[in-house]
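Right, one structure below, let's go through it.
The values are calculated or read from the model by the stated rules, or taken from the named source; none is laboratory data. All figures in this text were calculated on a predicted structure; none of them were measured in a lab. Neighbour counts run over all protein chains shown; Cβ positions are idealised from the backbone, glycine included.
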Amino acid sequence: MANVLLTPQVITNELLRRFKNNLGFAKVAHHEDYREHFANKGAKIGDTLNLRVPVKFLATDGAVLVIQDVTENKVPLVVDTQKHTGFSFTSREETLTIDRFGDRYVNSAAVALANAAEIHGLNVCYRATPNSVGTPATPPQSTTAFAVYLSALEALDNNAAPVDDEVYMVITPNMNTYIIDALKGLFQSSAQISEQYIKGYMGKGAGFTWLRAQNLRTHTLGAFPAAPLVNGAGQLGASLNLKACGTSATGIFKAGDIIVLGASGTLVHAVNPVSGDALAGGRQFVVTADVNSDGSALAVVPIYPSIITSGPYKTCDASPGDGVQVYPFGTASYVSPQGMSFHREAYAWACVPLDLPKAVEWKARQTDPDTGISIRCVSQYDIVNDVFATRCDIMFGWVAPRPEWGCRVCS
């Protein structure tokens, strides 16, 4: 029997529901309703929303008041990525029930859009994350696997990530094969799973909520110079000058590569972000853009975090000396799937409403009231062929406001 209630709004509602149900990583990353900023008529902010990062202060001694400078850091969330799926159906097929119409058309559109949003987000987030554990090109396995995942939790603790129920471990199917047997006795059920479906949900254990995801990204490491050296002492900030990088070499570092500065007596140490005390391990920096060397074997490498050696935003115990060797994390040109451990607030995204066009057969837009996730459907009738050409669109953006609260798990 034909479903006379198969309206544009019903179709779009079903698309939104299935889109949300196919989210895994994006479901647990920070997202909220930003419509008041992006869709407020007469007061739109363009495509960028600046997210505030909490101010840091130092505790000072004695009764005399010491006024500290306030540095308010903001991270831009740019909503500039549009993805869509397109399909057509006949006027006769429009009489299908919503379940049949959903299975035939809507489900595939929802899966494609959800995967597109997550792949984009994972590319942004892993490349922004400076912490990494494991061995590139070698999945955590055997008796050492559990220790690798615990070291990821240690990295979050060392960077003062909140200790609560919003810490996640997202792993690849291959990583899952090696770890599931070791952790099967530790997994616990969660009330959350009964309240909202999360794709790939595995359970709770070892301080994480575990998810399995097929969309986790694979990183191809840079070509890496044989023994790159710091070029000049006392460097601070978000870039590092290097020498001995090979003459006019392409791709010596890739966005997402991890580096450590020095070894043994020359090692630049990570610090406790609260006390500023040096930690035992080296400070890991992530390369934020692809790097080539010039004709003099020199290179400028953009890094995160910035090299800051004092004050409330201190990131490491010292600036590297001239000639200190730079050690990449991994082997040149290796391919390494990237598992992700993180606190929910490490990464954020927004999916905002798109305008509805006027000159179309039908149109509808649905926005989730809790998260602000929004989807638009538009259909135009082709009188010659008696079909409705239909497109389903999302507009979104991703950012990593607190990437130090994440840690990559190499595989």
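Kindly provide the set of residues from segment 221-231 that are out of contact with any Gly (no Cβ under 7 Å at 6 or more places or on another chain) and surrounded by 15 or more Cβ atoms within 10 Å (Cβ to Cβ), ordered by number.
Once the filter is applied, which keeps residues that are out of contact with any Gly (no Cβ under 7 Å at 6 or more places or on another chain) and surrounded by 15 or more Cβ atoms within 10 Å (Cβ to Cβ), segment 221-231 yields F224, P228, N231.
Kindly indicate the residue of segment 240-286 that is under 23 Å from the mean Cα position of the chain (by Cα) and not in a loop (DSSP other than H, G, I, E, B) and also surrounded by the fewest Cβ atoms within 10 Å (Cβ to Cβ) among those meeting that condition.
This residue is V260.
Does K44 meet the test of being over 22 Å from R344 (Cβ atoms), basic (K, R) and either in a helix (DSSP H, G or I) or modelled with pLDDT under 80 (or both)?
Considered against the rule, which asks whether it is over 22 Å from R344 (Cβ atoms), basic (K, R) and either in a helix (DSSP H, G or I) or modelled with pLDDT under 80 (or both), K44 comes out as yes.
Answer yes if at least one residue in segment 87-96 is part of a strand (DSSP E or B) and touching a Cys at 6+ places or on another chain (Cβ under 9 Å), and no otherwise.
Scanning segment 87-96 turns up at least one residue that is part of a strand (DSSP E or B) and touching a Cys at 6+ places or on another chain (Cβ under 9 Å).
For segment 312-327, indicate whether the set of residues that are of a type outside the set (F, W, Y) and at pLDDT below 90 is non-empty.
Yes, the conditions are met somewhere in segment 312-327.
Within segment 97-123, how many residues are at pLDDT 85 or above and either more than 17 Å from M169 (Cα to Cα) or not in a helix (DSSP H, G or I) (or both)?
Of the residues in that region, 13 qualify.
Taking the options F342, F396, name whichever one is part of a strand (DSSP E or B), closer than 18 Å to Q284 by Cβ and in contact (Cβ under 8 Å) with a residue 12 or more places away in the chain.
Values: F396 fails: closer than 18 Å to Q284 by Cβ.
Just a single option satisfies the conditions, and that option is F342.
Select, from V360, V352, V387, the only residue that is closer than 28 Å to V78 by Cα, not assigned by TED's automatic domain parsing to the domain that holds V170 and not basic (K, R).
Working: V360 fails: closer than 28 Å to V78 by Cα; V387 fails: closer than 28 Å to V78 by Cα.
None of the other options fit; the residue is V352.
Within segment 166-185, restricting attention to residues that are loosely packed, with under 13 Cβ neighbours inside 10 Å and in a loop (DSSP other than H, G, I, E, B), which residue is modelled with the highest pLDDT?
By that ranking, first place goes to K184.
Which condition does K314 not pass, out of (1) outside the structural domain of A270 (by TED's automatic domain parsing); (2) in contact with a strand residue (DSSP E or B) (Cβ under 6 Å, 6 or more places away or on another chain); (3) part of a loop (DSSP other than H, G, I, E, B); (4) free of Cβ contacts under 8 Å to residues at least 60 places away in the same chain, if it passes all the others?
Looking at each condition in turn, K314 falls short on (1).
Across segment 125-145, what is the total count of residues that are surrounded by fewer than 17 Cβ atoms within 10 Å (Cβ to Cβ) and part of a helix (DSSP H, G or I)?
So the count comes out to 3.
Scan S374, S341 and give me the residue that is surrounded by 19 or more Cβ atoms within 10 Å (Cβ to Cβ) and modelled with pLDDT under 95.
The conditions single out S374.
So which of L58, L122, L65, L113 ends up being in contact with a Pro (Cβ under 7 Å, 6 or more places away or on another chain), outside the structural domain of T209 (by TED's automatic domain parsing) and either surrounded by 16 or more Cβ atoms within 10 Å (Cβ to Cβ) or of a type outside the set (F, W, Y) (or both)?
Exactly one of L58, L122, L65, L113 is in contact with a Pro (Cβ under 7 Å, 6 or more places away or on another chain), outside the structural domain of T209 (by TED's automatic domain parsing) and either surrounded by 16 or more Cβ atoms within 10 Å (Cβ to Cβ) or of a type outside the set (F, W, Y) (or both), namely L58.
Would you confirm, using the coordinates I've provided, whether A289 is part of a loop (DSSP other than H, G, I, E, B), loosely packed, with under 15 Cβ neighbours inside 10 Å, touching a strand residue (DSSP E or B) at 6+ places or on another chain (Cβ under 8 Å) and in contact (Cβ under 8 Å) with a residue 12 or more places away in the chain?
Spelling it out, A289 is indeed part of a loop (DSSP other than H, G, I, E, B), loosely packed, with under 15 Cβ neighbours inside 10 Å, touching a strand residue (DSSP E or B) at 6+ places or on another chain (Cβ under 8 Å) and in contact (Cβ under 8 Å) with a residue 12 or more places away in the chain.
Return the residues of segment 372-392 that are outside any strand (DSSP E or B), farther than 15 Å from R18 by Cβ and out of contact with any Pro (no Cβ under 9 Å at 6 or more places or on another chain); say none if nothing qualifies.
Within segment 372-392, I383, V384, N385, D386 meet the criteria.
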